[in-house]
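The values are calculated or read from the model by the stated rules, or taken from the named source; none is laboratory data. The shown structure was predicted, so the numbers you read here are calculated from the model rather than taken from an experiment. Note: ideal-geometry Cβ built from the backbone for every residue, glycine included; neighbour counts use all protein chains shown. Accessible surface is based on the protein model in full, side chains and every heavy atom, while ligands, DNA and RNA are left aside. Shrake-Rupley method; radii C 1.70, N 1.55, O 1.52, S 1.80 Å.
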Amino acid sequence: MIEKIHQDAEHRMNQAFLHTQGEIVKVRTGRANPDMFNSIAVDYYGTMTPLNQLSIISVPESRLITIQPYEKTMISVIEKAIMSSNMGFTPGNNGTSVLVPIPQLSEERRLELNRFVHKLVEDGRVAVRNVRRDVLHQLHDYGNKEHISEDEIKRRENDIQKLTDDYIKKLNQIQDQKENEILEV
């Protein structure tokens, strides 16, 4: 049972990490990144469908993203979806694909995005710490109920703390990486 509690903690901390990582990928930098469009859904014959399921998204240049829909009739619908997503992009088209130029970020916007990334990572850290708190509580309850030695409980607490520290370190690394991307001119 103690091992199951540990596995649950690792799974939940990993989920918190992956969620935070997914949110950070969506943050726009000065460089073209097709993952920025993962959250955009397009009205495809009455059904809201993710953009990446309707088209091929590629990056031919560092400041340009091309979206080539499988059906040419979807070009105008994709353009409208990008415009209404409030991402600050102005798409155009060349008749076969949607072209999305990525404008240079101002210094003020870079600092604002950096603060947003810090907030996202802090939310991830809080989620990891909440998992730790819940798991430690479960561990103590189980230890008291099953009369497990305090030494064993303490050893497991240290394992959980090490796991927590590892995930917080990973979160700090993705924060530093994204910060460098944002501040790069």
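Scanning the range 152-182 for residues that are among the hydrophobic types (A, V, I, L, M, F, W, C) and touching a Ser or Thr at 6+ places or on another chain (Cβ under 9 Å) turns up Leu171, Ile174, Ile182. Can you find a residue that is closer than 29 Å to Leu51 by Cα, in contact with an Asp or Glu (Cβ under 7 Å, 6 or more places away or on another chain) and open to solvent by less than 60 Å² (accessible area, probe 1.4 Å) anywhere in the range 116-132? Scanning the range 116-132, I find at least one residue that is closer than 29 Å to Leu51 by Cα, in contact with an Asp or Glu (Cβ under 7 Å, 6 or more places away or on another chain) and open to solvent by less than 60 Å² (accessible area, probe 1.4 Å), so the answer is yes. Here Val100 fulfils each of the conditions (1) assigned to a helix (DSSP H, G or I); (2) aliphatic (A, V, I, L, M); (3) under 29 Å from Thr20 (Cβ atoms) apart from (1).
Picking from residues in the range 66-96 that are touching a residue at least 40 places away in the same chain (Cβ under 8 Å) and assigned to a loop (DSSP other than H, G, I, E, B), the one that is most open to solvent (accessible area, probe 1.4 Å) is Gly88.
Scanning the range 1-58 for residues that are aromatic (Phe, Trp, Tyr) and in contact with a Gly (Cβ under 8 Å, 6 or more places away or on another chain) gives a single hit, Phe17.
Out of Lys145, Lys169, Lys154, I need the residue that is at pLDDT 95 or above and of a type in the set (Lys, Arg). Which one? Every option except Lys169 fails the conditions. Among the residues of the range 19-62, just one is modelled with pLDDT of 85 or more, in a loop (DSSP other than H, G, I, E, B) and β-branched (Val, Ile, Thr), namely Ile40.
The C-beta contact set for the range 147-171 (first residue under 19 Å from Ala127 (Cα atoms), second residue hydroxyl-bearing (Ser, Thr, Tyr), distance under 6 angstrom, 6+ apart or interchain) is empty. So if I check each of Lys169, Lys145, Lys162, which one is within 14 Å of His6 (Cα to Cα), in a helix (DSSP H, G or I), of a type in the set (Lys, Arg) and open to solvent by 80 Å² or more (accessible area, probe 1.4 Å)? Of Lys169, Lys145, Lys162, the one residue that is within 14 Å of His6 (Cα to Cα), in a helix (DSSP H, G or I), of a type in the set (Lys, Arg) and open to solvent by 80 Å² or more (accessible area, probe 1.4 Å) is Lys162. Going by what's in this entry, would Val59 be described as aliphatic (A, V, I, L, M) and in contact with a strand residue (DSSP E or B) (Cβ under 9 Å, 6 or more places away or on another chain)? Here the answer is yes, as Val59 does meet what is asked.
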